[in-house]
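To keep things clear, I will list the structure first and then write my remarks on it.
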């Protein structure tokens, strides 16, 4: 643990901290800048090369909504679900994605080599749900004089 986690503030002189006294309280929050999340909802990327397939599958793995995979078989069957796992092998044939289907408890595994297309069809449940957005809502409620502030998640559908 760092000294800060033990209540030591390196910006204060040692005489300012009494032994056993709680650390100074501040309404200031330490906020670390986040990163911009791509809006992938509705995107249907081109999968021309092996590198394209691998890159899009990584994006689909990080996406928090359902994707629709079109398979490379004779009927072009489509399967929709949440991509929760991918196993990366040296070739497309040995690399596999797994989906949680919304319509059943199945967890089908699909080799990368069988993927003709991936569409980001489901709603991204994490869009607009950053820590910064939560902090902003907190301070708005606090400015209105609310006590015991609790910000509840919104319904998914």
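Plugging the Kirkwood radius over Cα pairs into Stokes-Einstein for region 39-146, at a temperature of 25 °C and a viscosity of 0.890 mPa s, what D comes out in µm²/s? Before the final figure, lay out the partial values.
Working: Rh = 15.3 Å.
Roughly 160 µm²/s, to the nearest whole number.
What distance in nm lies between label points placed 7 Å from Cα along the C-beta direction at residue 51 and residue 106?
3.5 nm
We did not get these values from a lab; they are worked out from the coordinates using the rules stated. None of the values given here were measured: they were computed from a predicted structure. Virtual Cβ from ideal backbone geometry, glycine too; neighbours counted across all protein chains shown.
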